[in-house]
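Peer 1: Sharing a structure below in structure tokens format, with a few things to ask.
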Amino acid sequence: MSTEFTKKELLNKRVLGFFGGIIVFLLIYLAPISGLGYTGKMDLALSLMTVVWWATQVAQPAYVGGFFLMMLIITKTATPAQVFSKPWTGSTMWLVMGAYLIAGAVNESGVGQRIAYAFIIRFVRSWNGLIVGIFVLTFILALLIPHPWPRAFMILAVVLAVGRAADMDKDDLGKLGLAIFAASCPLSGAFLTGDTSLNPLAVADSGISVSFVRYFEVMSVPKIVAALITMFLIMFLFKPNKPIKIDVAQLKVEQQKLGQMSGKEKRTIFWIVVAIILWLTSSITGIDVGWLTLTVAVLMSMPVIGGILTPASWSGVQINVLVFLTSAMAIGNVGAVTGMNKWLATTVIPGNLPHNIYLLSLEITLFAMIIHMFMGSVIAVMGITIPAFVTATAHMGISPLAISLLVFSVTNLHYILPFHNLAVLVGMDGGGYTAKQVSKLGIALTPFIFLIAIVLMFWFHICGLA
């Protein structure tokens, strides 16, 4: 009965969202808006309709995004080159494809599980130790597995084995599941390749190209601070229902089931090391991280030197994510051409933005969080707010990269309900945690996001961005 009610409730939400988006489109398109020509008004109407549809989940996000892309072209709001050129002639999409392939290789070869078991057996002995271990593993594996979902599910598989060995109940396992996916929110942003769905997009939205090392320099400290705050909140809010004792002997048995390291695993480790070296030296070689990532992924399929990826490995590259990213990037890119971004900056954003960088960071954070509460989609918020704030702060001497990374960071850390963050939402089924637990953590974390925003701006100032 409850399942039927949930399906009916979801259907009603989708139907209301569908017609709500159409109404928003008509209101914008028919309204006499000064300062916007035909293309600007059509762009605004289509963008807001798309955002409403994303927020209310009227269809899988890529279908909505695909419709938005086609409407931009059919209505002559933008040319195909204006819609597709930046995402596809740049490196972003190729980085995403390469990252999916490498993540699949690490996951399927068993290298990630081997690392996780070795770490937990050596260092973890308690409940809090397990939570710390989850965050440390997430940080380490963010460098090795360039996508948060396969990384989180791989850690989850090991943690569930730990839980079973320690005779944990379902509720405690759910708390640990939440810790895994909550950890991915801040720590996936520490490396440029840590979340190839969001991090390159945030950089691309700024219009500034950065190397792997420069991104880590700018984002690592704030993201580690955000991760520590999240970790301590989880320790405080979610206690185990009974004392936990980690059964190391049983874990060693599980570890032994992996067997001796295979040739495939050794070759996977070799290519991961090569990828990391190439990422770290990209500022020296001048070769974009995206081109390097896909090149390494392709070499992993070659005979003799590879033999890791197969034709079936392409199924791990999610075309829906590529379409969704293209549409999200098109909001900002096309908005710059049609004048929508400039109009939003002068009309929606307060004209008297503070020049003090810390007050500015707080105001941007509040604005982004309010929009995120209703939109739900991190990418949708980024697509609308980053171009507007970049335009509004252009005269302040603050790098567009700082504005873009600030909006991205605070929005990705902000979740009151599961749908506010895709990683948290994706993990609910396998992770075993509830919407109530997500809200408990998200509400407690929300005030700290303002502190994180100040840390971000302080660190950006140290790095010469603000």
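The values are calculated or read from the model by the stated rules, or taken from the named source; none is laboratory data. Just so you know, these numbers come straight off a predicted model, no measurement behind them. Cβ atoms come from the backbone with ideal geometry, glycine included; neighbour counts cover every protein chain shown. These accessible areas exclude ligands, DNA and RNA; they are computed on the full protein's heavy atoms, side chains included. Shrake-Rupley method; radii C 1.70, N 1.55, O 1.52, S 1.80 Å.
Peer 1: Can you give me the C-alpha center-to-center distance between the range 374-404 and the range 67-128, rounded to a whole angstrom?
Peer 2: Using only Cα atoms, the two centres lie 22 Å from each other.
Peer 1: Treat each spin label as a single point 7 Å out from the Cα along the C-beta direction, and report the residue 23 to residue 262 distance in nm.
Peer 2: 5.6 nm
Peer 1: Also: At 0.36 nm per residue, minus the direct Cα-Cα distance, what do residue 70 and residue 302 gain on full extension? Give it in nm, one decimal, please.
Peer 2: Contour length minus the Cα-Cα distance gives 79.8 nm.
Peer 1: Follow-up question, since we're still on this one. Out of 197, 184, 159, whose Cα points farthest toward the positive end of the dipole of the range 155-221 (charges: +1 Lys, Arg; -1 Asp, Glu; placed on Cβ)?
Peer 2: Final value for the positive-end residue is 197.
Peer 1: Longest segment of the chain with no trypsin sites (Lys or Arg not before Pro) in a DSSP loop having at most 15 other Cβ atoms within 10 Å?
Peer 2: Here the longest segment lacking exposed loop sites spans 258-466.
Peer 1: While we're looking at this one, here's another question. Determine how large the accessible area of residue 363 is when every protein chain is in place; take a 1.4 Å probe and give Å² rounded to the nearest 10.
Peer 2: Accessible surface of residue 363 is approximately 60 Å².
Peer 1: Further question: Starting from the Kirkwood Rh over alpha-carbon pairs, what translational D in µm² s⁻¹ does the chain have by Stokes-Einstein at 37 °C and 0.692 mPa s?
Peer 2: Answer, rounded: 143 µm²/s.
Peer 1: Another question, if that's okay. To test your reading of the geometry: what angle, between 0 and 90 degrees and rounded to tens, separates the Cα axis of helix 148-165 from the longest principal axis of the chain?
Peer 2: That helix lies at roughly 30 degrees to the long axis.
Peer 1: Could the peptides 445-455, 138-148 be put in order, highest first, of the mean number of other beta-carbon atoms found within 10 Å of their residues?
Peer 2: Values: 445-455: 18.0, 138-148: 24.2.
Ranked by mean Cβ neighbours within 10 Å, highest first: 138-148, 445-455.
Peer 1: Over 29 Å between Cα atoms, which of 223/257; 175/252; 252/436; 41/223; 239/266; 242/440 qualify?
Peer 2: Pairs exceeding the cut-off: 223/257; 252/436; 41/223; 239/266.
Peer 1: Run the numbers on the range 98-202 and let me know its relative contact order in percent, using alpha-carbon pairs under 8 Å that are six or more apart.
Peer 2: Computed value for the range 98-202: 33 percent relative contact order.
Peer 1: Using a Cα-Cα cut-off of under 21 Å, which lysines could be cross-linked to residue 86, ignoring same-chain neighbours fewer than 8 residues away?
Peer 2: Result set, ordered by chain and number: 76, 342.
Peer 1: Under the classification rounded if a/c is under 1.5, otherwise prolate if a/b is larger than b/c and oblate if not, where does the range 243-401 fall, given a ≥ b ≥ c as square roots of the Cα gyration tensor eigenvalues?
Peer 2: Here the range 243-401 falls in the prolate category.
Peer 1: If I model a spin label at residue 242 and residue 122 as a point 7 Å from the Cα along the Cα→Cβ vector, what separation in nanometres do I get?
Peer 2: Between residue 242 and residue 122, the simple spin-label model gives 3.2 nm.
Peer 1: Simple spin-label model, 7 Å along Cα-to-Cβ: residue 287 to residue 224 in nm?
Peer 2: About 2.9 nm, to one decimal.
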